[in-house]
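Comments concern the structure below.
The values are calculated or read from the model by the stated rules, or taken from the named source; none is laboratory data. Quick caveat: nothing in here was measured; it's all calculated off a predicted structure. Positions of Cβ are generated from backbone atoms using ideal geometry, with glycine treated the same way; all protein chains shown enter the neighbour counts.
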Amino acid sequence: MKEWLKELQNLVRNIESIEKFFPLTDEEKESFKKVTSIYPFLSTPYYLSLAVKSCAIKRMIFPNIMEISEAIQSKGEEDPLSEERDKKTLHLTHRYPDRVLVVTTNFCPTLCRFCMRKRNWKKKTFFISDTEIENALNYIRKNENIRDVLISGGDPLFLPIERLKKLLFGLKAIDHVEVVRVGTRAPVTLPHRLLDDDLLEVLEKAEKVWVNTHFNHPDEITELSKEAVKNLLKAGIPVNNQTVLLKGINDSADILEKLFRNLQKIKVRPYYLFHCDPVKGVMHFSTSITKGIKILEKLFKRISPFAIPYYAVDGPGGKGKVQILPDRYKKEGNFYIFRSFNGETFKMSDM
Ligand code: SF4
């Protein structure tokens, strides 16, 4: 049996199985039971074995009683980005003129406690059907402004391979679609999936595919995840990374510097640093925007902009993403006054 299938066959779901990896206190067991009655727990054995050595990884997957506390629940919304409101077919959301989102499944082999689609965990497991793939493709065919299709989930790399192929090859055949971005955390939580030649062949032959992955912490970059990324690159697939700024996990310039530099070493471009969305059951991970900007300021002093992703907020109610930059310039008359990476100021004429 292929390694990735073995991982799926041995997914960890309950306290007894977790305790084969690390012991739990009575308090942790109590929290686990209460929280998972609303938000389930799921992890690959691989990712759980990383949690044994990394507190940050453990915090990203282990249920925390705060998720269901009134204080945290009341601050967030089920769908703060209004993805459901802007749906044009059962699985396709269209908001920006040139881009659409297709949420293909709610299945992920590891559930991240900070997930922005945590609302979908409460639904029965679904995978986009052949009919719904056709409905999404038809919508895209009719809308010639759409040039960029984001395939997301859950994790689309765990769709039945024939369905993934149908979707990706369908998009390949639509001339006005130029880019297909597949969002997946497989290189992080189940990198064995990217050791599978059948999947790599589909991604390569689909031609338009870019992979957006989601490393949040340097401890997630392992020999196996490096191999997974290498296989994508060998198949001609550019790999970008999205990180979410998470309190107590990566909200420090030191950790993010290490993460972004290590991603660059494996030829993954740090692309977005997302401010944590105001999602119900997630707000205990949220830092202030001011803290995010201060971290960014420090990063600009230390590393090349090539290694620094866009720091962005996603506007509530579907307002879209806005990039946040440290305050680096102002206009005075016909001049701009700039502040350089080391705090020096200089002036340039507008024309
Ligand atoms: S992999 Fe992505 S979609 Fe799945 S639980 Fe984690 S954050 Fe959510």
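Return the residue satisfying two criteria in turn: it lies in the range 49-67 and is within 16 Å of Leu111 (Cα to Cα) and touching a residue at least 60 places away in the same chain (Cβ under 8 Å), and of such residues it is surrounded by the most Cβ atoms within 10 Å (Cβ to Cβ).
Met60
Answer yes or no: is there a residue in the range 103-116 that is among the aromatic types (Phe, Trp, Tyr) and either more than 13 Å from the ligand (Cβ to nearest atom) or farther than 24 Å from Glu204 by Cβ (or both).
yes
May I ask you to say which residue of Leu171, Leu203 is part of a helix (DSSP H, G or I), under 25 Å from Glu7 (Cβ atoms) and either more than 16 Å from the ligand (Cβ to nearest atom) or touching a His at 6+ places or on another chain (Cβ under 6 Å) (or both)?
Selected residue: Leu203, the only one of Leu171, Leu203 that is part of a helix (DSSP H, G or I), under 25 Å from Glu7 (Cβ atoms) and either more than 16 Å from the ligand (Cβ to nearest atom) or touching a His at 6+ places or on another chain (Cβ under 6 Å) (or both).
What do you reckon, is Phe127 touching a residue at least 24 places away in the same chain (Cβ under 8 Å) and under 16 Å from His217 (Cβ atoms)?
no
Would a scan of the range 199-212 turn up a residue that is in contact with an Asp or Glu (Cβ under 9 Å, 6 or more places away or on another chain) and closer than 30 Å to Leu245 by Cβ?
Checked the range 199-212: at least one residue is in contact with an Asp or Glu (Cβ under 9 Å, 6 or more places away or on another chain) and closer than 30 Å to Leu245 by Cβ.
Taking Ala136 as the residue in question, decide whether it is aliphatic (A, V, I, L, M) and within 10 Å of the ligand (Cβ to nearest atom).
Taking the combined requirement at face value, the residue does not satisfy it.
Would you confirm whether any residue within the range 207-218 is hydroxyl-bearing (Ser, Thr, Tyr) and more than 15 Å from the chain's Cα centre (by Cα)?
The answer is no; no qualifying residue exists.
In the range 272-287, is there at least one residue being at pLDDT 95 or above and within 16 Å of Pro187 (Cα to Cα)?
No; the residues of the range 272-287 include none that is at pLDDT 95 or above and within 16 Å of Pro187 (Cα to Cα).
For the condition surrounded by 21 or more Cβ atoms within 10 Å (Cβ to Cβ), within 16 Å of the ligand (Cβ to nearest atom) and without any contact (Cβ under 8 Å) to a residue 60 or more places away in the chain, what is the one hit in Pro187, Pro191?
Pro187
Suppose we keep only residues that are assigned to a loop (DSSP other than H, G, I, E, B) and in contact with a Lys or Arg (Cβ under 8 Å, 6 or more places away or on another chain) within the range 206-239. Which one would you say is nearest to the ligand (Cβ to nearest atom)?
Result: His214.
What are the pairs with Cβ atoms under 7 angstrom where one residue, in the range 1-27, is exposed (fewer than 14 other Cβ atoms within 10 Å of the Cβ) and the other, located anywhere, is among the hydrophobic types (A, V, I, L, M, F, W, C)? Sequence gap at least six, or different chains.
From the range 1-27, the pairs are Arg13/Phe41; Arg13/Leu42.
Could you say which residue among Ser152, Ser74, Ser69 is under 24 Å from Ile249 (Cβ atoms) and within 12 Å of the ligand (Cβ to nearest atom)?
Result of the check over Ser152, Ser74, Ser69: Ser152.
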